[in-house]
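Peer 1: My structure is below; once you've seen it, I'll send some questions.
The values are calculated or read from the model by the stated rules, or taken from the named source; none is laboratory data. Just so it is clear, the model here is predicted, and its values are computed rather than measured. So basically every Cβ, Gly included, is an ideal-geometry build from the backbone, and we count neighbours across all protein chains shown. Only protein heavy atoms, including side chains, enter the accessible area calculation; ligands, DNA and RNA are left aside. Shrake-Rupley method; radii C 1.70, N 1.55, O 1.52, S 1.80 Å.
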Amino acid sequence: MSVNRARTAAEYIEWVKQAVFEVGDLRDCLEFDMEEFGRFPAFLDPLDQAIKEVYQSMRDGKYAFGREDLPFMEIIERHEDEIPFAVLLKQINETHRRGLDVDTDADDAD
């Protein structure tokens, strides 16, 4: 499956903000399951921290695209079936690694 990349910086930032929201929403949903299991899945806190670190680096103006996977990708690889927004996280990672998906067709119209 091909993973889309963000087309603009604003879209990329919005995806990261959405991921922060999704982790919080997942945590809220899992609170209902805590009566049965007694605790959150072990991956939830590290996932939450990793996504918030990316977002905070953006807010601080310290974010930089890179060639390496973002730290949360190890969690995605092991727990993808348990994370309903795994595709969003893959899109964020793909954009991080390969940059924005800018339309080059406009440059070819000469």
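Peer 1: Quick check, is Arg27 over 13 Å from the mean Cα position of the chain (by Cα) and part of a loop (DSSP other than H, G, I, E, B)?
Peer 2: no
Peer 1: Please go through region 82-101 and give me each residue that is assigned to a helix (DSSP H, G or I), more than 21 Å from Ala9 (Cβ to Cβ) and modelled with pLDDT of 95 or more, ordered by number.
Peer 2: Ala86, the sole residue that qualifies.
Peer 1: Taking the condition free of Cβ contacts under 8 Å to residues at least 60 places away in the same chain and surrounded by 15 or more Cβ atoms within 10 Å (Cβ to Cβ), does Val20 pass?
Peer 2: Spelling it out, Val20 is indeed free of Cβ contacts under 8 Å to residues at least 60 places away in the same chain and surrounded by 15 or more Cβ atoms within 10 Å (Cβ to Cβ).
Peer 1: Would you point out the residue of region 34-84, among those that are among the hydrophobic types (A, V, I, L, M, F, W, C) and touching a Ser or Thr at 6+ places or on another chain (Cβ under 9 Å), that is most open to solvent (accessible area, probe 1.4 Å)?
Peer 2: Looking at the filtered set, the residue picked out is Phe65.
Peer 1: If you go through region 1-24 one residue at a time, how many are part of a helix (DSSP H, G or I) and farther than 14 Å from Gln56 by Cα?
Peer 2: Going through region 1-24 one residue at a time, the tally reaches 6.
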